[in-house]
Amino acid sequence: MNKGCSIAHLAVAAGQRVRKRQPEGFRSLAITHQELSALTGTSRVMVTRVLNDWRARGIVELRKRTLCVMDLPALERIAAFDIE
């Protein structure tokens, strides 16, 4: 599993547990880059690179130590989830 996939897997799993969506329609998760790196066993630098890539593609937004999932289906595809 590549690092982006493991980060996506964690973000999707956490995002699915967040039942309340924000008014804009996204799901948010209060987590830092350092916390993501510890949970996925990768460096903070790698987490930052992956999140910046996803942000540029409109998949997530980063807001004051909060990861906002803007495109859950795209994140699920990255995480290689089987969507029915």
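The values are calculated or read from the model by the stated rules, or taken from the named source; none is laboratory data. Remember, predicted model here, so these are calculated numbers, not experimental data. The area values use the complete protein model at the heavy-atom level, side chains included, leaving out ligands, DNA and RNA. Shrake-Rupley method; radii C 1.70, N 1.55, O 1.52, S 1.80 Å.
Here is how the numbers come out for the structure above:
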| item | result |
| --- | --- |
| Stokes-Einstein D for segment 44-84, Kirkwood Rh over Cα pairs, 10 °C, 1.306 mPa s (µm²/s) | 148 µm²/s |
| Accessible surface of segment 45-84, 1.4 Å probe, proportion on carbon and sulfur as whole % | 49 percent |
